[in-house]
1. Taking just the alpha carbons, could you work out the radius of gyration and Dmax for the range 92-159, both in angstroms?
2. Taking 25 Å as R0, compute the FRET efficiency from the Cβ-Cβ separation of Glu142 and Thr60 and round it to 0.05.
3. Using Cα pairs under 8 angstrom and six or more residues apart, how large is the relative contact order of the chain, in percent?
4. Using a Gaussian network model of the chain whose springs link C-alpha atoms within less than 10 Å, name the residue from Gln147, Gln15, Gln111 with the highest mean-square fluctuation.
5. Can you pull the Kirkwood radius for the range 1-60, inverse mean 1/r over Cα pairs, to one decimal in Å?
6. What 222 nm value per residue comes from the helices of the chain, counting each DSSP H run with n ≥ 4 as -39,500 (n - 2.57) and dividing by all residues, nearest 500 deg cm²/dmol?
7. Among Leu64, Leu100, Leu11, determine the one that fluctuates most according to a GNM of the chain built with springs between C-alpha atoms less than 10 Å apart.
8. Compute, for the range 74-136, the length of the dipole vector about the Cα centre, with Cβ point charges of +1 (Lys, Arg) and -1 (Asp, Glu) only. Units Debye, rounded to 20.
Amino acid sequence: MERISKENYYLDIAQTVLERATCLRRVYGAIIVKNDEIISTGYNGAPRGRRNCVDMGYCTREALAVPRGERYELCRSVHAEANAIISAARRDMVGATLYLVGRDARTGELQGDATCCAMCRRTVINAGIERVVIRRTPTEFEVVNVQEWIDGDDLPALE
């Protein structure tokens, strides 16, 4: 029997975590791993004590036809990456790897183009996470060196 890679092992766990997500558009699961130990997990959903979109039966961004990647302030959810980071101590995340899996909530299809939004990238950088591994297909993944996000600063320079 051939064993799966460590990357796919942890991505499979992140994919199980996303089963708790409550978004009506896209569901994400994230886990943070350091020294081969899971530090924390997170999925996207409304802040504790607030109603989730699945409970309300609608998504504000969907109702307003907001395109993917825009107007996140209208979203009720805290993103999976942010929830995983909130649940861990920074000392445990420095040098760690975050594993991320996304799925379309309606079709169940993997989000082959999943990525961290700009706000989550900043949070990942500040947490000291070193790598982000993102599932592309059931067996393929992309490894992002977080230093690339730092070096490719996404904010325009003011003149």
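1. According to the Cα coordinates of the range 92-159, Rg and Dmax are 13.6, 45 Å.
2. Efficiency, rounded to the nearest 0.05: 0.25.
3. Relative contact order comes out at 23 percent.
4. Of Gln147, Gln15, Gln111, the Gaussian network model singles out Gln147 as fluctuating most.
5. Evaluated over the range 1-60, this radius sits at 12.9 Å.
6. Result for the chain: -7000 deg cm²/dmol, rounded to the nearest 500.
7. Looking only at Leu64, Leu100, Leu11, the biggest GNM fluctuation is shown by Leu64.
8. The calculated dipole for the range 74-136 is roughly 80 debye.
The values are calculated or read from the model by the stated rules, or taken from the named source; none is laboratory data. All figures in this text were calculated on a predicted structure; none of them were measured in a lab. Virtual Cβ from ideal backbone geometry, glycine too; neighbours counted across all protein chains shown. Accessible surface areas use protein heavy atoms only, side chains included; no ligands, DNA or RNA. Shrake-Rupley method; radii C 1.70, N 1.55, O 1.52, S 1.80 Å.
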